[in-house]
Amino acid sequence: MISFFMSLFAFMWSEYTGIVKKTNPKRLRNALAILASYYRARATKSGIISGLPIAMSVEPTTACNLACPECPSGLKSFTRPTGNIKPALFNKIMDQMSETLMYLTFYFQGEPFIHPQFLNMVNQASVKGVFTSTSTNAHFLDSENARATVESGLDKIIISLDGTDQVSYEKYRKNGNLERVKEGIHNLVDWKKKSGAKTPFISLQFIVFNHNEHQLPQIKKMAAQWGVDQLLFKTAQIYDQVTGPDLLPTDPALSRYRKNGQGYVLKNKLFDHCWRMWHSCVLTWDGKVVPCCFDKDAKYVLGDINKSSFEQIWNGGQYQAFRKRILTARKSIDICKNCSEGSNIWI
């Protein structure tokens, strides 16, 4: 129980203080407008919105060095185009969004550090006072990249590590090297200490599968020894209802799914509302705007920033219609059926 509150407090406090420090009157007014329009929309079932997104995820690349079995990047299973975001496109996004944007995540699919200008983009957003975060498998965090990461101004980094030994780790992180990940964590922690930097906040993320659920006590000890800021346990996501369940932990408390007559379904109830659809969005590497991070193959493209301004897309008919569908028939949207909102585990 004590560890629960310590982890929860560390997670909330790091993000809260980081964002508050970078908030100005214009961003605050925009955030309040978004919040008010969200509750108004829930009452009226209207897709009309006020304000611009508070948070955004930008996809640096679809490339990845690993081959995780439930990941489109690792499996190379996209039907959409793949590639790296061009600096000119990122500049365009920043020009249109930085004044109201509070939180920018450099991640959707792929391994961000593969993009040669990744940390330059982070620094660009940081200079504009936007809270920045990313998620990585940590294979590229050699000493030089770790130093550059600290110096970039990145506020938060999530490092995925799903096993305490190589056999367990590579069961899911195919082609991965656990020792290299450990070295990356050490490099990042070491450079933070050397430079006296408070950021990035280092969050170690452990996805719980049936082959590693017995390692939870061990990873807690390892995380404490390494000096990371937070250890977060995440429920596993599956797409394949035939072979996918083989990954799920035996302890039902550690899974986001429950079994029924048709297979495995989310424990979470799919209410006809979604805060994500009002406060955030996702941009693919080539400028497509999609609703959220569960639309991995960009099935629901709501606009293209190469052809329209973001504000036109955000307030456009396609977006309004999609939000209205969320408010009236969310269960009919397939990407919502795997939503993990509220299903992270605090142990």
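Solvent-accessible area of the chain (1.4 angstrom probe, protein heavy atoms only): carbon and sulfur portion equals 56 percent. Cβ screening of the chain for cysteine pairs under 4.7 Å finds these without a partner: Cys64, Cys274, Cys281, Cys292, Cys293, Cys336, Cys339. Secondary-structure-derived ellipticity at 222 nm for the chain, considering helices only, amounts to -11500 deg cm²/dmol, per-run term -39500 (n - 2.57) for DSSP H runs with n ≥ 4.
Which longest run of the chain has no exposed loop site in it, a site being trypsin sites (Lys or Arg not before Pro) in a DSSP loop with at most 15 other beta carbons within 10 Å, and the site itself not part of the run? After excluding every exposed loop site, the longest remaining stretch is 77-173.
Shown here for segment 233-303: chymotrypsin sites (Phe, Trp or Tyr not before Pro) in loop regions (DSSP other than H, G, I, E, B) with at most 16 other Cβ atoms within 10 Å, namely Tyr239, Phe271, Trp275.
For Cα pairs less than 8 Å apart in space and 6+ apart in sequence, what is the mean separation divided by the residue count of the chain, i.e. the relative contact order in percent? Write down the numbers at each step before the final one.
Numbers: 623 pairs, mean separation 70.6, N = 347.
Dividing the mean separation by the residue count of the chain yields 20 percent.
Other residues whose C-beta falls under 11 angstrom from the C-beta of Ile238 contribute a net charge of -2, scoring Lys and Arg +1 and Asp and Glu -1.
Computed over the Cα atoms, what is the radius of gyration of segment 104-225 divided by 2.2 N^0.38 Å, N being its residue count?
Numbers: Rg = 14.5 Å, N = 122, 2.2 N^0.38 = 13.7 Å.
Working it through for segment 104-225, the quotient is 1.06.
Looking at segment 193-328, send over the antiparallel percent of its DSSP beta bridges, to the nearest 5. Don't skip to the end; give the middle numbers.
Values: 8 of 14 bridges.
The antiparallel proportion sits near 55 percent.
Net charge within 14 Å of Ser143 by Cβ-Cβ distance, Lys/Arg positive one each and Asp/Glu negative one each, not counting Ser143 itself? That sum, taken over residues with Cβ under 14 Å, equals +1. In the context of the full set of protein chains, residues of segment 46-183 present 36 Å² of accessible surface per residue (probe radius 1.4 Å, heavy atoms only). Gly129 sits among other residues whose Cβ lies under 12 Å from its own Cβ, and their net charge, with Lys and Arg +1 and Asp and Glu -1, is +3.
Per residue, segment 258-347 exposes 47 Å² of solvent-accessible protein surface, assessed with a 1.4 angstrom probe and all protein chains in place. Dipole of the chain computed with +1 at Lys/Arg Cβ and -1 at Asp/Glu Cβ about the Cα centre; of Leu75, Ser98, Ile114, farthest Cα towards the positive end is Ser98.
The values are calculated or read from the model by the stated rules, or taken from the named source; none is laboratory data. Owing to the predicted nature of the structure, the values given are computational and were not obtained by experimental measurement. Note that each Cβ is placed from the backbone with ideal geometry, even for glycine, and that neighbours are counted across all protein chains shown. Accessible surface is based on the protein model in full, side chains and every heavy atom, while ligands, DNA and RNA are left aside. Shrake-Rupley method; radii C 1.70, N 1.55, O 1.52, S 1.80 Å.
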